[in-house]
1. For the subset of segment 116-127 comprising residues that are open to solvent by less than 80 Å² (accessible area, probe 1.4 Å) and in contact with a helix residue (DSSP H, G or I) (Cβ under 6 Å, 6 or more places away or on another chain), which member is farthest from residue 61 (Cα to Cα)?
2. With respect to residue 249, is the statement that it is touching an Asp or Glu at 6+ places or on another chain (Cβ under 9 Å) and not assigned by the TED database to the domain that holds residue 198 true?
3. When segment 122-169 is examined, which residues are found to be part of a helix (DSSP H, G or I) and more than 30 Å from residue 43 (Cβ to Cβ)?
4. Can we say residue 282 is within 18 Å of residue 192 (Cα to Cα) and surrounded by 15 or more Cβ atoms within 10 Å (Cβ to Cβ)?
5. Just one of 140, 103, 130 is open to solvent by 40 Å² or more (accessible area, probe 1.4 Å), in the same structural domain as residue 43 (by the TED database) and in contact with a strand residue (DSSP E or B) (Cβ under 9 Å, 6 or more places away or on another chain); which is it?
6. So residue 117 passes all but one of these: (1) of a type in the set (Gly, Ala, Ser); (2) assigned to a loop (DSSP other than H, G, I, E, B); (3) closer than 29 Å to residue 70 by Cβ. Which condition number does it fail?
7. Scan (1) open to solvent by 30 Å² or more (accessible area, probe 1.4 Å); (2) part of a helix (DSSP H, G or I) for the single condition residue 242 breaks and write down its number.
8. Might you check whether a residue that is free of Cβ contacts under 8 Å to residues at least 40 places away in the same chain and part of a helix (DSSP H, G or I) occurs anywhere in segment 272-289?
Amino acid sequence: MALTIQGLSKTYPNGVKALRNLSLTIGNQMFGLLGPNGAGKSSLMRTVATLQDPDTGTIFLDSLDVLKEKDAVRKVLGYLPQEFGVYPKMSALDMLQHLAVMKGITNKTERNQMVDALLNQTNLWDARKKALSTYSGGMKQRFGIAQALLANPKLIIVDEPTAGLDPAERNRFLNLLSSIGSNVTVILSTHIVEDVRELCPRMAIIANGELLLEGSPAEALYELKGKIWSRVVSTDEELRALEASLNVISTHLVGGLHEVRIYADSSPGEGFTPVDSGLEDVYFLNLGRQTKTN
């Protein structure tokens, strides 16, 4: 099942241009949508999830016109938004039962089997009768995936799912996402580069509502091979001088000093050493390029 987005634009009443003529094709796989906060990721996900209309553009899920056949799309859609609200006093078991009925699963035996299977798949079986208000952040996100998987959706959207999770809960959540299967289109919208590197065979980077890059992480990394250079500087003056004269794509504090990463075809000067490129370099390089052209 392929999701085809063409020429999507959206400007909100306050004048914010959330999407700018964005076109993207997402196949039957885990697809990473990377971008900083405010990049337009949530606006794109809400539009695909039939929660808002764009000003211009089209979206097709195979032959389904997402903007005109919203009810049909919702039947095959699972959605975990960035802000996922639940009835806090209800248990996970009762809430999933309620949501399953709303999804049209009226056969009690079928519904019980599906809900029990999802509680086991998300490792929530032992806590199934506890109130959702008592769940940790990671447990709530796993419950969010459970409700998104109700009725065997063909398209699943998860928006910033690991933000705020501790490392252990993040790993549990990513393992859960990776187990969903290959016959479903999953869009993982995030600003966390590592989430995409670990899970997604295809990715896109957007910022200010524009598509900056689309492809595989491996292809993007290959393009930077031998072009990332590193140097540690001890003063802010040195850092500002390098930023003024070279293509600095990122800086990191290492033991109180600045590690500067440079994009250059050859050595940018004394003290620089070549380093392996990472997906974070791809991300910051593309964001930097857009900033310079705007």
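The values are calculated or read from the model by the stated rules, or taken from the named source; none is laboratory data. What you see is a predicted model; the values in this text were computed from it and never measured. All Cβ positions, even for glycine, are placed from backbone atoms using ideal geometry, and neighbour counts span all protein chains on display. Just so you know, the surface numbers come from the protein's heavy atoms only, side chains and all, with ligands and any DNA or RNA stripped out. Shrake-Rupley method; radii C 1.70, N 1.55, O 1.52, S 1.80 Å.
1. 124
2. The answer is yes for residue 249.
3. 125, 126, 127, 134, 168
4. Here the answer is yes, as residue 282 does meet what is asked.
5. From the options 140, 103, 130, the qualifying one is 130.
6. Only one criterion is unmet by residue 117, namely (2).
7. (1)
8. yes
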